[in-house]
Structure formats: structure tokens, C-alpha cells
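See below for the structure under consideration.
What follows is calculated from the coordinates using simple rules that are stated; it is not laboratory data. Small disclaimer: the values here were computed from a predicted structure and weren't measured. Positions of Cβ are backbone-derived with ideal geometry, glycine not excepted, and every protein chain shown enters the neighbour counts.
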Amino acid sequence: MNRPVLPGATIGVLGSGQLGRMLALEAKRMGYRVHTLSPGVDTPTGQVADLEVSAEYDDLEAIRAFARGVDVVTFEFENVLIDAADAAAEIVPVRPSGSALHITQQRAREKAFLADRGYPVAPFAKAQSLDELAVGLGAVGLPAIVKTSVFGYDGKGQHRINSIEEGERVWGLIGHQEAIIERLVEFTMEISVVAARGLDGEFAHYGVIENVHHNHILDLSVCPARLPAGIGHEAVHLTHRVLEDLGYVGVLCVEFFVTGDGRLLINEIAPRPHNSGHFTIDACVTSQFEQQVRAVCGLSLGDPAQIRPAAMVNLLGDLWINGEPDWAAAMAVPDVKLHLYGKGDPLVGRKMGHLTALGESVEEAAAKALAARDVLC
């Protein structure tokens, strides 16, 4: 089961969004075939894969049939049923493992995993009822953020509470489902570390990435981050610990808050390549997506060295409100790279693509990326 999966073999991807698309493009460049499974058709991954299978993640017979046609299975996003991972693992290696997915796909389990091992996290409590929500708010303190335990990303399923009286309203907004309550963190910066662990425990990372969000959606990432070296070393060290404690194989991202007094708090773990690591395609010797291929196929990890400072800006569906964006104008900005995801409906807030810019400094790279986006409409 630990023999390398070599070029010419087939990688199976559960999920079919833009992360799978970029993974598939790198895998095919390296000589692999790619199959993808999700409930959709003509998906971002399916458009570039060798085979697109449309099936629900709870159709375990379809999962097993899919696994019989590939040599290794990985994930494009974390909201795949653990039963699907287990069904695939009956037939082929699944990397990262279903146990790692089980922990990181659900916020309450993830927070408990981190807290039990002494990682720095904000005070939190779990709630499975309105009464538990009230108790948790009292224990955690106000103001607080209430987050659904599952299916939350880009700010979805998150609500701020400033008083105990708001609890009932928020409990209704999240659909009376299990949630975690976190004390609101006053931070000065949001950062992330995208890193990989190989089948043999080899570790590689892309340094510390500085992130700016707008309406809870990542808007701008720059790397290297502008923060003291000591904080950066600690963030990388904590990320390495997370990979080891999970027994993880593949690429993941750990997101952090940096507090005003220079402390790090882990916000979330994303068990997959990450939006903030997209700059690696254009700015690093080995992209996060090639690294994912290498890791899940049991190969040596690639050199993550960054060639030049870089910035990445997301392109949301909002840019299409007045018609097709002016791609030619954006591409006229020097050192800018365009990545579009093949999505048909440019909905407001939907990630449709991104721009990466390189520069002699992160300030220059960010200015180019933002200028290119500004001229799109």
C-alpha cells in the first residue's frame, strides 16, 4: 500500500471545484490521469479531468466503483462523508486519511483536537441546543462568534453575538444545528501556513502568508508576510506539529490570528490545498498542487522555495455585474497571471478565479494585483 504511485497511474479526486481543477492540471502535466467524482456535471475539475463521475457522496457503491478505477484517492474539499472515505479505502490508498478528514471537517472536533493537545486557540464551547448556547456564551464571554460545526466556509454559518438575548435569534439563523461558540479575537493580522507532509514524514512549507479578508471572503494574500521572524517561525512550527499529530499525508493549511501582543491563535485547519496558497503556482519552484500530487502519490516532496515576492487577489462574481470583465486590460499590467476556474454562473460572492502578481517586494506585487483587478470593470 506504500509503494509510490508513479506517472501513468490514475489519481481519483473526491470533489470537483477549482482546487481539484488546479490539482488535475498539475497532475496531468506530470503524466497522471485524473478521475473526479461529485454530484455535479461539467464542473471545474471535470472540464480538465480524464473522467468525470456524477454521483452523491453517500452513494457508497458508486464510491467503490470509482475507487476501482484509480490508484489513489484524495480530496478536493473537506465536506465529503467519512463513510465515502472509508468505502474508497477498502480498495485503494486514501490520502489524507479518513481519520484526518473526520477531525478537520467538523469544527467542534477540530477545536477539541487542538485544545486537548495544547495548541493556542481562542476560548470556545460547544452547543447542541439553545440552552447549551446560552451556557456556552456565559462561559466563553461576549462578544462571541457562533459558527455551525459543519459546512462553513467564507463566513457562511457564522454570526456575531454581543448579548445573551441575541442567542435565540442566532440559533434560528443557523438552523438549530450543532455549533461552536468562540470568544471574539481582537487580532492585528490574519496569516496562514500552507505545508505538506509526505508518506515518509517529510515536511515542506511555503513560509507565512499574510491574508486580508472582505465580507469574510479572502480578498488579498501576500507572501512573504510582513511580520516579525519569531512569529513566523512559531507559525511554521505549530503547522508542522498539526501535520504530525494528524498523521497527515498531503497539503493542508493552518489559519492563524496574530493578536496585538504578538501571540498566535489557531483559527482553522483546511485539510487540502488552500486559496491563500494559489500564488505558489506562479511564484514557487513547486506549487501547492504539484506538492499535493507528490505527497498523495508517495513521492519525495518538491522544493517549495519562492522565487519572487507575490500577491494574489480573488476574482468574485461581483466583477461580472456589468458584463464580461476586461481581461485584456488586466493582462496589460506587468507580471500579472490570470487563473479562471471554468464556472458558468458568476454569482455575487462566488470565487470565479484569481490574479497573481510578482514583484521586487510584496508591496509592489500587491499594487500590481490590485491594479489589474481594478481595471477589469
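Couple of notes before you dig in:
- Given in Å, the Rg to one decimal and the Dmax to the nearest whole number for the Cα atoms of the range 199-252 are 13.2, 40.
- Between the listed residues Ala229, Ile217, Pro44, the Cα displaced farthest toward the positive end of the dipole of the chain, a dipole computed from Cβ unit charges relative to the Cα centre, is found at Ala229.
- Summarising the strand pairing of the range 41-190, around 95 percent of its internal DSSP beta bridges are antiparallel.
- Restricting the range 222-274 to trypsin sites (Lys or Arg not before Pro) that sit in a DSSP loop and have at most 14 other Cβ atoms within 10 Å of their own Cβ leaves Arg226, Arg263.
- Net charge over other residues, Cβ less than 10 angstrom from the Cβ of Arg33 (K, R count +1; D, E count -1): -1
- Share of Cα-Cα pairs in the chain lying beyond 31 Å, as whole percent: 36 percent
- For the range 108-215, the calculated P(r), taken from all Cα-Cα distances in 5 Å bins from zero up to the bin holding the longest distance, is 2, 11, 18, 20, 19, 13, 8, 5, 3, 1, 0 percent.
- Karplus (6.51, -1.76, 1.60) ³J(HN,Hα), θ = phi - 60°, over the range 237-249, in Hz, Gly and Pro reported as x: 4, 5, 5, 4, 4, 4, 4, 5, 5, 7, x, 7, 10
- For the chain, calculated [θ]222 nm from helices alone, where every DSSP H run of n ≥ 4 adds -39500 (n - 2.57): -8500 deg cm²/dmol
- When only Cα pairs below 8 angstrom with a gap of at least 6 residues are kept, the chain shows a relative contact order of 14 percent.
- Sorted largest first, the spans of the alpha carbon positions of the range 48-148 along the three principal axes are 52, 28, 26 Å.
- Taking every alpha-carbon pair in the range 187-374 and binning the separations at 5 Å intervals from zero gives 1, 8, 17, 19, 19, 16, 11, 6, 2, 0, 0 percent.
- Each 10 Å bin from zero holds the following percent of Cα-Cα pairs in the range 123-183: 27, 64, 9.
- Simple Cβ-charge dipole of the chain, Lys/Arg +1 and Asp/Glu -1, about Cα centre, in debye nearest 20: 500 debye
- Stretched out straight at 0.36 nm per residue, the stretch from Ile307 to Ala367 would grow longer than its current Cα-Cα span by 19.8 nm.
- What you get for the range 10-94, charging only the Cβ of Lys and Arg (+1) and of Asp and Glu (-1), is a dipole of about 460 debye around the Cα centre.
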